[in-house]
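Below you'll find the structure, written out as structure tokens, and then a few comments.
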Amino acid sequence: MLQKIIRTLLKYIPRPVLIRFSLLINRVVALFYIGNKVECPVCNHSFIKFLPYGYTKATSRKNALCPRCLSLERHRLMYLYLNEKTDFFTKDLKVLHIAPEQCFYKRFRALKNLDYTTGDLESPIADVHFDVQAIPFPEASYDVVICNHVLEHVDDDAKAMSEIYRILKPGGFAILQVPQDTDAEKTYEDPTITDPAEREKYFLQKDHVRLYGLDYAERLSSVGFKVTADTFANNYTEERAKRFGLPMKEVFYFNKK
Ligand SMILES: [Zn+2]
């Protein structure tokens, strides 16, 4: 029931309105979810369970959205990865966060070790507005670029990847997670599919232009990245992974210049 309500809200209410609305109610909702069965590593709060989430019947699932900070499974996975496998939270780093996620940008901005800039095509919460296929920053100017769930919307994703590679300093890294069909060897894309309903059918969402397969790592390496593909959630016991609500099938790509 709640799953259906959330699906309907996501479908019909514009995202900016939804974000404002959800920020108002999430503190209240979180009160009803107080408990100790699941734990969000992003906001450090625990609950009886996470909220359901998903735009379509195919992507809709239970136990996904943190009632307090609105993190999803993939956000919690990235947060744990950055914390355990990188020096993101301790070293002085210049960071560009493209299409910054609601649950992260205030937290990252508050980190004293980061020189933190957000960018987006149009989002009002971004510091700088630009197209990821033409990033207005000089070569080798950032230590870290985070740009999740963007490339599946971009016509020329190779251009976007090489732009990100260009602005990274040698030794820097990028986190570029995308929706992925882990059962498919090859990425499925077809520029003649432009009808929103068809795109939703083949690419999971009305505004996606492709669905990545397991060749995603090759696409990233083709612009120069040294890619490490890690099924990071598997480093946890099943019990811990369940507690953090992690996506067990998600491959985490660490992309180094
Ligand atoms: Zn949270």
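The values are calculated or read from the model by the stated rules, or taken from the named source; none is laboratory data. Computed from a predicted structure; not experimentally measured. Neighbour counts run over all protein chains shown; Cβ positions are idealised from the backbone, glycine included. Just so you know, the surface numbers come from the protein's heavy atoms only, side chains and all, with ligands and any DNA or RNA stripped out. Shrake-Rupley method; radii C 1.70, N 1.55, O 1.52, S 1.80 Å.
Here are the numbers for the structure shown:
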item	result
Contour excess over end-to-end distance, with Cα ends at Asp115 and Tyr236 and 0.36 nm allotted per residue	40.5 nm
Rough spin-label spacing in nm, given labels placed 7 Å along Cα→Cβ, for Lys186 and Asn36	5.3
Phe137, Phe50, reordered so the largest accessible area comes first (probe 1.4 Å)	Phe137, Phe50
Computed magnitude of the charge dipole of the chain (debye, nearest 20; Cβ of K, R +1, Cβ of D, E -1)	1300
Intensity falloff of segment 175-257 expressed as log10 I(q)/I(0), Debye formula with alpha-carbon point scatterers, at q = 0.11, 0.17, 0.23, 0.24 Å⁻¹	-0.38, -0.79, -1.07, -1.10
Theoretical gain in end-to-end length, Asn44 to Ala229 [0.36 nm per residue, Cα-Cα removed]	63.9 nm
Neighbourhood charge, 10 Å Cβ-Cβ cut-off, centred on Asp215 and excluding it, Lys, Arg +1 and Asp, Glu -1	0
Residues with amide H under 5 Å from that of Ile175, placed H, sequence gap 5 or more	Val145, Ile146, Cys147
Heavy-atom accessible area per residue - the chain, 1.4 Å, Å²	51
Of all accessible heavy-atom area on segment 151-257, the percent that carbon and sulfur account for (1.4 Å)	51
Two-site FRET efficiency, Gln133 against Lys201, from Cβ-Cβ distance with R₀ of 30 Å, rounded to 0.05	0.70
Calculated SAXS-style log₁₀ I(q)/I(0) at q = 0.07 Å⁻¹ - the chain, Debye, Cα scatterers	-0.24
